[in-house]
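Reviewing the structure listed below.
The values are calculated or read from the model by the stated rules, or taken from the named source; none is laboratory data. Given the structure is predicted, the values throughout are model-derived calculations rather than measurements. Please note: Cβ atoms are built from the backbone with ideal geometry, for glycine as well, and neighbour counts cover all protein chains shown. Accessible surface areas use protein heavy atoms only, side chains included; no ligands, DNA or RNA. Shrake-Rupley method; radii C 1.70, N 1.55, O 1.52, S 1.80 Å.
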Amino acid sequence: MKNYCANSLGIIFFWLLSCTAPTQEPAINIRLAQDPESLHPLSPGSAPKIQILNYLFQSLLATELKDKSIQPLLAAELPLIERKDSMSYFTFEIRPEAQWDNGSPVTAHDVALSLKLIHSPLLDNERWRAQFDFIKDIKLYSSHPKRLTIVCSGYSTEMKLMAGDFFVLPAYIFDPNSVLSSIPLKLVRDKFDSLATSNTFKSYASFINQKAMARDTSFVKGSGPYRLSNWKTGQILILDKKSNWWGNKVSKGKSVFNSKPSKIVFQVIPDNAAALLALKTKQLDLMDNIPVVPFIEMKKDKKYNQAFNFYSSPSYDLAFIGINGNKSYLKDNLTRQALAHLVNIPELIQVLQGGFANSTVGIVHPHEKQYYHTNLKPFPFDVKEAHRLLNKAGWKQTPAGWKRKNGRNDETLTLSLLYRGGNSESENIALLFKQNAQSLGIKINLQALESSQIGEKLNNRDYDLFIRTLVGNPYSYNFIHLFHTSNTHTGGANVTGFGTPATDELLERIAKEEDPAEKAVLLKKLQEKMQEESNLIFLYFLQNKMAISKQIDSVVVSGIKPGYDVTRFVKKK
Amino acid sequence: MGKEIKKRTFTRGEKLSLTWFLLFSGAALAAQAITLFGQEPQAHPERAFLPPFTSVAHLLGTDHLGRDLLFYLLLSCRTAWLLAIPPLSLATLLGVVAGTSAAILGNSGLKVSLWKILVLLFLGFLYFYFKGAVNWAITTYSLSYLRYGYEGVLVFLLFLLWGMKVPKGLKRGKNEVAIPIEGALLKIINIWSTLPKLLLLLILSAFTPFSLYSLMGWICVTYWVLPARIARASVLQLKEETYYEATRALGIPFRKVFVQFLWPSIKGPILTNFCFAASGLLGIGSTLAYLGIGIPADVPSWGKLLANARYSYEAWWIFLFPAITLLFSILSLQTLGNRFSARSTQASVTK
């Protein structure tokens, strides 16, 4: 009887399996290392967030990942640029076909609203506000609802992209009651403080800041080719291609309008080992940032070579150790330079990255030959030099550690180093740095924390050292928000307290400079100054180690985030 | 009563387990001495992933940072031992005290005068009310000694008020409050035991910076429940025995009653629980290290080696040796636990 039951159940099970309907078109499965947490287009966010928002929302201009060129996206053509006195004017014409999901056209009013939101008070838009501070006004044309002119202060080559590189948001969702439509952008900027006290604006800000704006499928939708169809926090995020997307009509021959996969599934797998297992069992078609050891092992293995193509493309992700220059014991640059001499960068690149990283002297990628300071070399690993620098900074080595007089009290050079818990690369950097520092008698306490906890500590300047990765790009050399002393206040992005009046001036000039030759001179000066100050110990630019299924055709990998162009992918059945 | 308990000899498995446990404890002790001398596993990245038995200097090979695996395993014994034995001993002691007190005192055995409760409440209120102001003064004016002065004044007040004559209306005898020890303990046990221990430890360890000692503290907080439950149940059963009533009637001090009459009966289940809980803790300690939670990166642990082994199939030795050590340690404690369990079953009248 038992056998009979078991056999019957087995037959039913196989029948059920054989009844499963085949999927119409295979989805592209991509690993996300962290949940985007929020898909609010105004708040600052992680790389996965920006990556996903790029499939949902569009900007006036976009970059072609293949050749890093600037292409018009919502704009019909590249902008017409005019320069008068100290101002520059970028005139755009929005594509006539461009429309929102409700069928209404994308107009200059939507662009104006997006800029007003970036510059509005009471919203979580501080990062964008600093980045787009150069946009002073927008001119609309009543006779041409799709034409607009963006007014910028000064002119620099980065503005060719940046003047049109912000998400254009639908006014019918973000301002349904036309609260901002009657207020000009200039007024929003000029009356920033008084707007913050207005009751109407307060209630509008609470509408924009509501949680639904960051994750509800009815709010998180733009003019992009995909719509968010499902999001299970920490598990999966599914994007479906819009069936009647307006871009289909103009996509011919225009690579920025590619949207070949009908479904993109982002599987949130924070743990690298679990993600590798999913990749090896072919539950994933693409995994990036593969740890070095399995990457090398998989590359050698015939079985995985038959299933995957392996890539290691240079990226603009810069790993660095940040030093809190606000602390009294780390205030002088000699102490910070001494710490920089305790990092063995070639060893880190060889051992932790398997050689898949590019050593750098500063914030500029060595591949950007015009701007990279080739004559300046990173500080070598030199314990004796570190010892000399500490002595020069007034520290004395005692059996209880390095001590120095600070007013009446003695201060000891015992430091805590924050890094993201569960990130094996950061942990290994921390362990090797600790060992090197201990060889000189400096005690380092390692603290593994969650990413958000580190962010909080950095914002409150409650740390000594931290390990992080800075995500850059080759288009913008405007570092004001990161390194200007005006952003050293609590919550500002200049968390290491870097800066002097001279570096502030340099940063301002770099942001404004139009001539590439002069910009190169200024950037090289900045690299020198940053090494002299050593608030950041630059380790290396990472190479993105990727495995992509051989089922996928038309693969394009790039140094620009996210490192691949999924919109071109065609998955063979 | 009066029946002689047959002496049970050690089986081969039990002998092996005891030997392994003693070796494990010896290794932990040696590692503690090494740590006190400031020795740590040194990374030699140029020697990373050296296979075992290829070099005399690195008999079991090296890990991904070129650290000697044998030395790392030895130091990991200390971590595993420290996370299992001391916090569990303390937790067992706390549990036995709490469980026995609950069983003996019940819900009305402990009476405290209302005056004393009021004094404690008042001083507690004072402490928290002025704590913020005192901290502010300490940080603003760098008056680190102010804390001692503040706490000293409160302790002085406590002594003063505690020994003071009780005001009229709050006279002893009239205004005593019974503390429901048993009811309170049962409620705490019920809540505490609904949460899985690993989950509880994951949550609790998030409250403090990662450190071996804070994790030991959290383990102690988590593991007192079962000993308390066992002690309470056993003592409740023994309280009904005539010999216990006789000891009370004769006025024998409780300490003597506990040592001579209660402890021999409850030590079997308590020791059994200790062994099983310790074996579980070896697993939990390694799991936490594997997940990168609670244990700092520079504290060696078998779990960390296992976590690193996930990335490399070729470096099998990084997985194999810690896995064997962990498995044998868990098995040895389980076998010892089984022995204590069998002994107490043999000794029990209700077997």
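Take B:Glu245: with every protein chain present and a 1.4 Å probe, its accessible area is about 100 Å². Rolling a 1.4 Å probe over the protein chains gives B:His64 an accessible area of about 30 Å². So in the protein assembly as shown, what percent of DSSP beta bridges are antiparallel if you round to the nearest 5? Taking every DSSP beta bridge within the protein assembly as shown, about 85 percent pair in antiparallel fashion.
The listed residues B:Trp316, B:Trp192, once ranked by accessible area (1.4 Å probe) with the largest placed first, stand as B:Trp316, B:Trp192. The HN-Hα couplings worked out from phi for region A:124-138 by the Karplus form 6.51 cos²θ - 1.76 cosθ + 1.60 (θ = phi - 60°) are 7, 10, 4, 4, 5, 4, 5, 5, 9, 5, 6, 7, 9, 7, 9 Hz, whole numbers, x standing for Gly and Pro.
If R0 is 60 Å, the Cβ-Cβ spacing of A:Val383 and B:Tyr141 corresponds to a FRET efficiency of close to 0.90. Label region B:88-131 by shape, choosing from rounded, prolate and oblate, from the square roots a ≥ b ≥ c of the eigenvalues of the Cα gyration tensor; if a/c is under 1.5 it is rounded, and otherwise prolate applies when a/b is larger than b/c, oblate when it is not. Oblate, because a/c is 1.5 or more while a/b does not exceed b/c. When all alpha carbon pairs of chain A are counted in 20 Å bins from zero, the resulting P(r) reads 18, 50, 27, 5, 0 %.
Among the residues of A:418-424, the average count of other protein chain beta-carbon atoms within 10 Å of the residue beta-carbon is 3.
If you sort the three axes of the alpha carbon gyration tensor as a ≥ b ≥ c, you get a/c of 1.5 or more for region A:128-173 and a/b no higher than b/c, which makes it oblate. Rounded, prolate or oblate: pick one for chain B, where a ≥ b ≥ c are the square roots of the eigenvalues of its C-alpha gyration tensor, a/c under 1.5 means rounded, and failing that, prolate if a/b is larger than b/c, else oblate. Taking the square roots of the gyration eigenvalues as a ≥ b ≥ c, chain B is oblate.
Sorting A:Met87, A:Met287 by solvent-accessible area of protein heavy atoms yields A:Met87, A:Met287, largest first, with a 1.4 Å probe.
The 3J(HN,Hα) values that the Karplus relation (6.51, -1.76, 1.60; θ = phi - 60°) gives for region B:22-32 are, in residue order, 5, 5, 4, 5, x, 5, 5, 5, 4, 5, 4 Hz. Gly and Pro appear as x.
A:Thr398 to B:Ala33: FRET efficiency via 1/(1 + (r/R0)^6), r the Cβ-Cβ distance, R0 35 Å, to the nearest 0.05? The computed FRET efficiency comes out at 0.90. Here the spin labels are modelled as points 7 Å beyond Cα on the Cα-Cβ line, and at A:Glu528 and A:Ser182 they lie 5.7 nm apart. Taking amide H atoms as placed 1.01 Å from N in the peptide plane, the amide H of A:Thr360 lies under 5 Å from those of A:Phe541, each 5 or more residues away in sequence or on another chain. Per-residue accessible area (protein heavy atoms, 1.4 Å probe) orders A:Arg408, B:Arg12 as A:Arg408, B:Arg12, starting from the largest.
Each label was represented as a point 7 Å from its Cα along the Cα-to-Cβ direction; for A:Asn460 and A:Asn409 these points are 1.8 nm apart. Solvent exposure of A:Thr414, expressed as accessible area, is near 50 Å², computed with a probe of 1.4 Å over the protein chains only. Measure nothing but the geometry: give the 0 to 90° angle between the long axis through the Cα atoms of B:181-194 and the longest principal axis through the Cα atoms of chain B, rounded to 10°. Tilt relative to chain B: about 30 degrees.
If you wrap the tightest convex hull around every Cα atom of region A:401-558 and split its volume per residue, you get 173 Å³. Could you tell me the relative contact order of chain A? Use alpha-carbon pairs under 8 Å, at least six residues apart, and round to a whole percent. Computed over chain A, the figure is 18 percent. Close amide-amide hydrogen proximity is noted between B:Gly106 and B:Glu182, each under 5 Å apart and 5 or more residues distant or on a separate chain (H modeled in the peptide plane; Pro and chain starts excluded). Inter-chain neighbour count for B:308-316: the average number of beta-carbon atoms from partner chains within 10 Å of each residue's beta-carbon is 5.
A simple rule links phi to the HN-Hα coupling: the Karplus curve 6.51 cos²θ - 1.76 cosθ + 1.60 with θ = phi - 60°, which for region A:69-77 gives 7, 8, 10, x, 10, 6, 6, 6, 9 Hz, with x for Gly and Pro. Can you give the FRET efficiency to the nearest 0.05 for A:Lys369 and A:Leu80, using r as the Cβ-Cβ distance and R₀ = 30 Å? That gives a FRET efficiency of 0.45. For chain A, what does the helix formula give at 222 nm: sum of -39500 (n - 2.57) over DSSP H segments with n ≥ 4, over the residue count, nearest 500 deg cm²/dmol? Value at 222 nm, helices only: -9500 deg cm²/dmol. Normalised by the number of residues in chain B, the mean separation of alpha-carbon contacts (under 8 Å, six or more apart) gives a relative contact order of 26 percent. Against chain B, whose longest principal axis comes from its Cα atoms, helix B:146-162 is set at around 40 degrees.
Amide H contacts under 5 Å for A:Ile138: A:Val151, A:Leu185, A:Lys186, restricted to partners 5 or more places along the chain or on a different chain, H placed in the peptide plane at 1.01 Å from N. Peptides B:101-114, B:283-296 ranked from most to least packed by the mean count of surrounding Cβ atoms within 10 Å: B:283-296, B:101-114.
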